[in-house]
Amino acid sequence: MKIDRRNFFRVVGVTGATMTLGKEIFAEPKNANEPEPYGILFDSFLCGGCQTCEYTCAEIHNLPEPVDAPEIGVTRKINETRRTVVNAYETSEGEVDVKRQCMHCNEPACVSACLTQAMFKTKEGPVIWREDKCMGCRYCMISCPFDIPKFEYNSPNPKITKCDMCYDRIQEGKIPACVETCPAEALLFGKRSDLIKEANKRVHEFPDWYVDDIYGDNEAGGTGLLYLAQVPFEDIGFNTGIQKSSFPELSKGFLYSVPFVFVLWPTLLLGIHEATKNNHIKNAEEDE
Amino acid sequence: MNNMGSYAISKDNDGKSIWKFLRAEFKPKGKFFTPFNIISLPVILVGFVIIIIRFWKGIGAVTNLTQEVPWGLWIGFDVVTGVAFAGGAYVITFMVYILNMRKYHSIVRVTVLNGFLAYVFYAGALLLDLGRPWNVVNPIIGNSFGTSSVLFLVAWHFLLYMIAQLIEFSPAIAEWLGARRARKILSGMTLAAVIFGITLSTLHQSGLGALYLMAKGKIYPLWYSEFIPVLFFVSSIFAGLSMVIFEGSISHKVFFNQISEKNHKAQNNIIHGLSKICGGTLFAYFFLQVLVFVHGKHWDLLNTPLGYWYLTEMIGFVFLPMMLFVYSYRRKNILAIKIASIITIIGVIINRLNITVIGFRWDAAVHYYPSWMEIVVTLAVIFTEIWIFRWVINRMPVLRDSPAWAKDVK
């Protein structure tokens, strides 16, 4: 069965199911003391590639307007002047548009890489960059498995740029600008666990239209950005080989060994020093 | 003697005041138009100009760094490779002060000086690469401790290790200034500084490798494994010692008149002893690399251009120098040892660059190649370091024997 976007909405309207949620879902937090992080669900089935998100993002962050449009065969990349892009892919299901930006990992590699806490995972969920702390070492860029943080190479006062999920707006009780302006309702903002429930619901109610997979559910240990698509994710530019456990886990073993070395080494070295104190007399004899 | 300080200094330096002494010492010594000076001075000057441009226009104005490859030659070579070669200092101090192998005592000072200057200059080169160097104090003081970061650990260890090395070297400065009391106090701190220094070195030599643990998927799989920290640590031993052999051979020619007859004779014996350690650690390293490779199950990747390059590194620059070290140790062939150390040095450079630059984002659309300006700045850093090294050697008792007064107080 071939279905286009218009038909899909019709079906939804008929079944009266899920799409009446609007642009955000708020559930009562299970535990008010432990706020659950927010996330964004992107549904490539609904995205028409209109770039409204790109224009909105550029506008509210004082960045230049996009000069190019999604084009099949061209992978547009985020860079220091644009924090989100929409790319078009030719797939078995026709053209599929995908919006990319920072994934806002649950356990971000960039945050654990940062030696000054400039990269910071807020309790609300967004991963933000703090100008007054950053020393510009770019280790966050080395570590990020999604290649998200960008650096202003041509500035004497360079910044690291990336999507911050409109953290300012979230603090004011608003939702991210791209979610608010998306005319296709392809973006949904809410508590991460609610978004996963919603994504599963869509997959189960419309199994013909979605692959049964949520990208970001446990990629890199789980991300704040969650993706639904009508084709396998490797067909639309996603790295599906990415490890399912968190990236900071990779250097934890090393970091845990540090205190042990700090205690054991000096003791050991001092012991050897004492034990070999008189060796030089023997060595001197041998050298003669 | 009881009221130390300037009194002692003025007394030890033919009654001249400390300021006159220092002023005389800061004047250049020896011929000016040597081949080294003629080559290095223009490079240093051009490098200086490039550094000004870098701070004026931004890093992008002088480097070829990309958004995919944010660390290039300045980190991959200056810092990661340079620090491996500075590893000689902790290995030699381990042998002399911990294992009490007195045979190597005569090269401790020059090795520690080399190590110290390497850290000062390579950490200095790091400042050039920082986009926002005015915030460099954030991980050291203030409330911005990113304690979960390997780089945080490495930064602290660099700083502390530089202090430890300065303490290890400080008796030579005290002897130069004729400060007897200070020398006595500082010498007393040597063992503590050595133990602290070796501990720090173990952690940050491996830590430099651990920096790349999170770059899983970005480094060509033949060079990425969870054992990078161990491999970095083991290779820093023979990297450091090969540098000691190489640098020692040059110093013994250039600073011929500084070195006593006895130490000249001892030099070949020292090189011979070090070759055994180099051969042994290279064997351990080769064995580890084979284990890592078998464990990694990347047989298919060997039959690719980067796979051939990997094999070249492992066979030509690990296995071959290992065999050469073993052979030349048995035959007591000093020349062959020196050749093996040069091959090892090249091999370590190749290995570090493979992980940090060549194999890093090998799949990126735009490949990173260092710009000529990055190379000139790197050379300028190395040349400036050599200038300072030479300045110190010509003044302080590093290669030459300590003054008589320092000898009786052992």
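The values are calculated or read from the model by the stated rules, or taken from the named source; none is laboratory data. As the structure is a prediction and not an experimental result, all values here were calculated from the model. With ideal geometry, Cβ positions are generated from the backbone for all residues, glycine too; neighbour counts draw on all protein chains shown.
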If you go through A:Met165, A:Met135, A:Met103, the only one that is in contact (Cβ under 8 Å) with a residue 12 or more places away in the chain, assigned to a loop (DSSP other than H, G, I, E, B) and at positive phi is A:Met165
Flagged in region B:74-107 as small (Gly, Ala, Ser) and in a loop (DSSP other than H, G, I, E, B), in numbering order, are B:Ala86, B:Gly87
Answer residue from region A:116-127, given it is within 21 Å of A:Arg169 (Cβ to Cβ) and β-branched (Val, Ile, Thr) and is nearest to the other protein chains (Cβ to nearest Cβ) among those: A:Val127
What residue, among those in region A:28-58 that are at pLDDT 95 or above and charged (D, E, K, R), is nearest to A:Leu228 (Cα to Cα)? A:Asp43
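Each row is one residue, and each column tells you yes or no for (1) surrounded by fewer than 17 Cβ atoms within 10 Å (Cβ to Cβ); (2) under 21 Å from the mean Cα position of the chain (by Cα).
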{"residue": "A:Ile40", "(1), (2)": "no, yes"}
{"residue": "A:Ala58", "(1), (2)": "no, yes"}
{"residue": "A:Pro66", "(1), (2)": "no, no"}
{"residue": "A:Arg82", "(1), (2)": "no, yes"}
{"residue": "A:Thr91", "(1), (2)": "yes, no"}
{"residue": "A:Met103", "(1), (2)": "no, yes"}
Which numbered condition A:Tyr139 misses (of (1) of a type in the set (Ser, Thr, Tyr); (2) in contact with a Ser or Thr (Cβ under 6 Å, 6 or more places away or on another chain); (3) at the interface with chain B (Cβ under 10 Å from one of its Cβ atoms)): (2)
Can you tell me which condition A:Ala113 does not meet? The list is (1) away from chain B (no Cβ under 14 Å); (2) in contact with a strand residue (DSSP E or B) (Cβ under 9 Å, 6 or more places away or on another chain); (3) hydrophobic (A, V, I, L, M, F, W, C), and all the others hold. (1)
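Matching residues to (1) part of a helix (DSSP H, G or I); (2) in contact (Cβ under 8 Å) with a residue 12 or more places away in the chain; (3) within 29 Å of A:Ala109 (Cβ to Cβ):
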position	(1), (2), (3)
B:Leu127	yes, no, yes
B:Gly131	no, yes, yes
B:Ile141	no, no, yes
B:Leu159	yes, yes, yes
Select from region B:143-157 the residues that are over 23 Å from A:Glu152 (Cα atoms) and in a loop (DSSP other than H, G, I, E, B) and write down the one among them that is nearest to the other protein chains (Cβ to nearest Cβ). B:Ser148
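Listed here are the residues, each with its yes/no results for (1) more than 14 Å from chain A (Cβ to nearest Cβ); (2) surrounded by fewer than 19 Cβ atoms within 10 Å (Cβ to Cβ).
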residue: B:Arg183; (1), (2): yes, no
residue: B:Ile195; (1), (2): no, no
residue: B:Leu200; (1), (2): no, no
residue: B:Gly209; (1), (2): no, no
residue: B:Glu226; (1), (2): no, yes
residue: B:Val230; (1), (2): no, yes
Every listed condition ((1) within 12 Å of chain A (Cβ to nearest Cβ); (2) surrounded by 23 or more Cβ atoms within 10 Å (Cβ to Cβ); (3) in contact with a Leu (Cβ under 9 Å, 6 or more places away or on another chain)) holds for B:Thr93 save (3)
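Residues checked against (1) over 20 Å from the mean Cα position of the chain (by Cα); (2) not β-branched (Val, Ile, Thr):
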| position | (1), (2) |
| --- | --- |
| A:Thr161 | no, no |
| A:Met165 | no, yes |
| A:Asp168 | no, yes |
| A:Gln171 | no, yes |
| A:Phe206 | yes, yes |
| A:Ile214 | no, no |
Options A:Phe233, A:Phe247: the member that is in contact with a strand residue (DSSP E or B) (Cβ under 6 Å, 6 or more places away or on another chain) and either modelled with pLDDT of 95 or more or assigned by TED's automatic domain parsing to the domain that holds A:Glu219 (or both): A:Phe233
Identify the single condition in (1) of a type outside the set (S, T, N, Q); (2) away from chain B (no Cβ under 14 Å); (3) closer than 24 Å to A:Arg76 by Cα; (4) without any contact (Cβ under 8 Å) to a residue 40 or more places away in the chain that A:Leu228 does not satisfy, given that it satisfies every other one. (4)
Take region A:216-264 and flag every residue that is surrounded by fewer than 17 Cβ atoms within 10 Å (Cβ to Cβ) and of a type in the set (Ser, Thr, Tyr). A:Thr240, A:Ser245, A:Tyr256, A:Ser257
Are any of the residues in region B:158-177 within 23 Å of B:Gln205 (Cα to Cα), buried (at least 17 other Cβ atoms within 10 Å of the Cβ) and facing another protein chain (nearest Cβ under 10 Å)? no
As an exercise: evaluate B:Thr66 against (1) within 11 Å of chain A (Cβ to nearest Cβ); (2) among the hydroxyl-bearing types (Ser, Thr, Tyr); (3) part of a helix (DSSP H, G or I) and give the number of the one condition it does not meet. (3)
With B:Phe227, B:Phe196, B:Phe145 as the choices, which residue is under 30 Å from B:His295 (Cα atoms) and either modelled with pLDDT under 95 or of a type in the set (Phe, Trp, Tyr) (or both)? B:Phe227
Which ones in region B:240-249 are surrounded by fewer than 21 Cβ atoms within 10 Å (Cβ to Cβ) and under 15 Å from B:Leu117 (Cβ atoms)? B:Glu247
Can you report the number of residues in region B:163-196 which are more than 16 Å from B:Val108 (Cα to Cα) and under 16 Å from the mean Cα position of the chain (by Cα)? 1
Output the residues belonging to region A:67-81 that are touching a Ser or Thr at 6+ places or on another chain (Cβ under 9 Å) and of a type outside the set (A, V, I, L, M). A:Asn79, A:Glu80, A:Thr81
Could you list, in sequence order, the residues of region A:223-250 that are small (Gly, Ala, Ser) and closer than 24 Å to B:Pro221 by Cα? A:Gly237, A:Gly241, A:Ser245, A:Ser246
Apart from one, (1) part of a helix (DSSP H, G or I); (2) touching a Phe, Trp or Tyr at 6+ places or on another chain (Cβ under 7 Å); (3) more than 14 Å from A:Leu41 (Cβ to Cβ); (4) of a type outside the set (Ser, Thr, Tyr) all hold for A:Glu180; the odd one out is (2)
When you look at A:Ile142, is it part of a helix (DSSP H, G or I) and modelled with pLDDT of 95 or more, yes or no? yes
Report yes if some residue within region B:58-71 is in contact with a helix residue (DSSP H, G or I) (Cβ under 9 Å, 6 or more places away or on another chain) and either of a type in the set (Phe, Trp, Tyr) or within 30 Å of B:Leu191 (Cβ to Cβ) (or both); otherwise report no. yes
Taking the criterion of being within 10 Å of chain B (Cβ to nearest Cβ) and among the charged types (D, E, K, R), would at least one residue in region A:152-165 satisfy it? yes
Tell me yes or no: at least one residue of region B:390-397 is of a type in the set (D, E, K, R), in contact (Cβ under 8 Å) with a residue 40 or more places away in the chain and outside any helix (DSSP H, G or I). yes
